[in-house]
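A.B. asks: Here you go, one structure.
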Amino acid sequence: MDIAVKLVKRSLGNRHKRSINATDLISDEDLQVVADLTGCSARHRVPSCTTTPNLDKYRTASSVCNNRENTRWGASNIAFTRWLPAEYQDGISLPKGWNPEHRVNNQILPLVREVSNRILSTANADVESDPLYTHLVTIFGQWTDHDLTFTPHSPVIRSFSNGIDCDKSCERTEPCFPIEIPKKDPRFSKHPEECIPFFRSAAGCGSGNTGYIFGASNVRQQMNSLTAFIDVGQVYGSDDTQARFLRDLTTDEGLLRVNKLYNDSGRELLPFTNMGANMCATRARITNDADAEEVPCFLAGDGRSNENIGLTSLHTLLLREHNRLARALAKLNPHWDGERLYQEARKIMGGYFQVLTFRDYLLHIVGPDFIAKQLSTYPGYDDEVDPSISNVFATAAYRFAHLMVQPFMFRLDENYKEHRDYPSPLLHRAFFAPWRVIFEGGLDPIVRGLVGRQAKLNTQDHMMTEELRDRLFKFSADLALDLAALNLQRGRDHGLPGYNKWRKFCGLSQPKNLAELAKVMNNTDLAKKLLDLYGTPDNIDVWLGGVAEPFVRGGRVGPLFACLIATQFEKIRQGDRLWWENDGVFTEAQRKSLRDTSLARIICDNTGITEVPERPFQYRPRGSGYAQCEDIPVFDLSPWKENGELIF
């Protein structure tokens, strides 16, 4: 809609040689027609919560009506919230750095690829491993992120004004915001490329130039196409159509669809997508075997399930767990129909991940002090808390785990040694590679690799592995991308305020010079490098400033990101009417079962693995801390037996 109004405005402006606003020459009726045609009107209608069944028992797929008064809070396909006002170059929608000569705080912003090269570069050989945490912590961060945030790109790949293909041009023209490659770039010095393609995030309905139509601010906002709740949407989908498509409706058993062509030693695999283009046809290129059999991408509740085989393995694991729960509930309650089985299994899965995230995961990220301050005892549901995801969380703070990614996707045998038949591939050879799950030993070696090997340790000297900086999506894109540069460019695209504004938001000091920045970073050399690039601490991109800080006690982020992450999860929990601990959501007996949820047990129940670390996030060499699956208590489903009476 934003683009449609811009084009009409430009056309009318050409006819009337004076500066105009679109509203001067477009009638309200015409604007409403554009709103209807582009689908924006529907986004601004308040959904009715009176006709939706079981709203007190089950979440809607899109999470509308979680809050009865503010029915879109936390729902999918709404704009991210802003905890601080956006800072665009033109005050409305142009990214920071759109005009490379434009000064911010009297300084020219550095090229994001130059920042990546000078601050984040890490050779694979220089990677340090985390002494405390497993690689599962890293991939679980991605898994959780894919439950909470997805920012859709502009829906077209060509410029709206002149038809330029953003993949093939270095011109800055909406929606193309290409990443300029600096002179003497070590990777591109022998190549003719001048830029890395980059597409702007889509503007949300009623933001940018169209805000006034709906009585909203005209500052551009970006969309979150997922729900803000920990509801395992990456398994089930985040809208009604997608959720229904993922279900196996050929029976009345409440199951999710599975692959009809392949299985993993008799265990279920994700179904295939039916998309025309197959970006997962990477096997022939990776193996240099022109005759290698290709397979389509896997289908899951989130479109990124094929990004790496570690993430794919979690998607597969939880597909299996849903179907296991549905079958077990059917035995407990033979009178339940498929809809009830599906919804109850889905509800249990949501409870699982709320428990696992708050009890087991966040402590390792934000540390015990922030847990005690913001995330300890459940305070109860507050219908005045907006749980919606903030732009800074999605675009900066929750991208911290990019610096915990190992250069290998580990695959281990039954003895937790390197797998003889299926050795650990470099990460760039495990992107969009579902064939590695199907043809190379299935899930078990990958899951053992996640729980039996260490995460990468983010240090100020060795931040991001070259697998992500120079080889991202190498076999599925024309030009391998740089994840650090993409993160920095995305923050500028979204108009995120700079590092010190966010430090102030969190009640932290705002360094103004080298000495003060060196004190915050506890590193004079790093502070000098940052100031050489940015000129002032105020201009440091918030993602970079956040990941560069020394860790808080017991955590894996610095004080800025600990504050932003803890604040977001505090809102997610407190603003969720269907949070597992809220009165009436589960019975007391069911809550007791959920409190005992074990990720180790979920692994045991859904793989051929017989021995796992009891605490899969905490790294232990095999032996101490490992348990036989037969010794790990099973999840107690008995409180879900109905005994002929409703359990609510």
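The values are calculated or read from the model by the stated rules, or taken from the named source; none is laboratory data. Just so you know, these numbers come straight off a predicted model, no measurement behind them. With ideal geometry, Cβ positions are generated from the backbone for all residues, glycine too; neighbour counts draw on all protein chains shown.
A.B. asks: I'd like the full set of residues that are in contact with a Gly (Cβ under 9 Å, 6 or more places away or on another chain) and either under 30 Å from residue 517 (Cα atoms) or assigned to a helix (DSSP H, G or I) (or both), limited to the range 436-463.
C.D. replies: Correct list: 444, 446, 447, 449, 450.
A.B. asks: What is the residue count in the range 263-291 for residues that are under 28 Å from the mean Cα position of the chain (by Cα), over 17 Å from residue 431 (Cα atoms) and part of a loop (DSSP other than H, G, I, E, B)?
C.D. replies: Within the range 263-291, residues that are under 28 Å from the mean Cα position of the chain (by Cα), over 17 Å from residue 431 (Cα atoms) and part of a loop (DSSP other than H, G, I, E, B) number 7.
A.B. asks: Does residue 517 satisfy the condition of being in contact (Cβ under 8 Å) with a residue 60 or more places away in the chain and not charged (D, E, K, R)?
C.D. replies: no
A.B. asks: To continue, here is another question. Looking at this structure, is residue 551 crowded, with 16+ Cβ neighbours inside 10 Å and within 30 Å of residue 220 (Cα to Cα)?
C.D. replies: In short, no.
Let's see how each residue does on (1) modelled with pLDDT under 95; (2) assigned by the TED database to the domain that holds residue 564; (3) more than 23 Å from the chain's Cα centre (by Cα); (4) of a type outside the set (Lys, Arg):
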| position | (1), (2), (3), (4) |
| --- | --- |
| 85 | no, yes, no, yes |
| 109 | no, yes, yes, yes |
| 127 | yes, yes, yes, yes |
| 134 | no, yes, no, yes |
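A.B. asks: Within the range 438-460, does at least one residue satisfy the condition of being charged (D, E, K, R), touching a strand residue (DSSP E or B) at 6+ places or on another chain (Cβ under 8 Å) and at pLDDT below 95?
C.D. replies: no
A.B. asks: Say whether the condition of being of a type in the set (A, V, I, L, M), modelled with pLDDT of 90 or more and touching a Ser or Thr at 6+ places or on another chain (Cβ under 7 Å) is met by at least one residue in the range 194-205.
C.D. replies: Looking through the range 194-205, none of the residues is of a type in the set (A, V, I, L, M), modelled with pLDDT of 90 or more and touching a Ser or Thr at 6+ places or on another chain (Cβ under 7 Å).
A.B. asks: Of all residues in the range 560-607, which are under 24 Å from residue 625 (Cα atoms) and touching a Gly at 6+ places or on another chain (Cβ under 8 Å)?
C.D. replies: Scanning the range 560-607 gives 594, 597.
A.B. asks: Same structure again: For the range 221-262, which residues satisfy the criterion of being hydrophobic (A, V, I, L, M, F, W, C), in a helix (DSSP H, G or I) and within 30 Å of residue 83 (Cα to Cα)?
C.D. replies: Matches in the range 221-262: 235 only.
A.B. asks: A follow-up question, please. Among 597, 567, 587, 610, which is surrounded by fewer than 17 Cβ atoms within 10 Å (Cβ to Cβ) and closer than 30 Å to residue 386 by Cβ?
C.D. replies: The conditions single out 587.
A.B. asks: Sticking with this structure for a sec: Give me the pairs: first residue in the range 578-597 and at negative phi, second residue among the β-branched types (Val, Ile, Thr), beta-carbon distance under 7 Å, and six or more apart or on different chains, which are they?
C.D. replies: Here the result reads 578/585; 579/585; 580/355; 587/647; 594/355; 595/355; 597/355, each pair linking the range 578-597 to a residue that is among the β-branched types (Val, Ile, Thr).
A.B. asks: So, in the range 474-518, exactly how many residues are part of a helix (DSSP H, G or I) and either buried (at least 18 other Cβ atoms within 10 Å of the Cβ) or in contact with a Pro (Cβ under 7 Å, 6 or more places away or on another chain) (or both)?
C.D. replies: Number satisfying all stated conditions: 17.
A.B. asks: Checking residue 557 against (1) touching a residue at least 24 places away in the same chain (Cβ under 8 Å); (2) more than 17 Å from residue 120 (Cβ to Cβ); (3) of a type in the set (Val, Ile, Thr), only one condition comes out false. Which one?
C.D. replies: (2) is the only condition that residue 557 fails.
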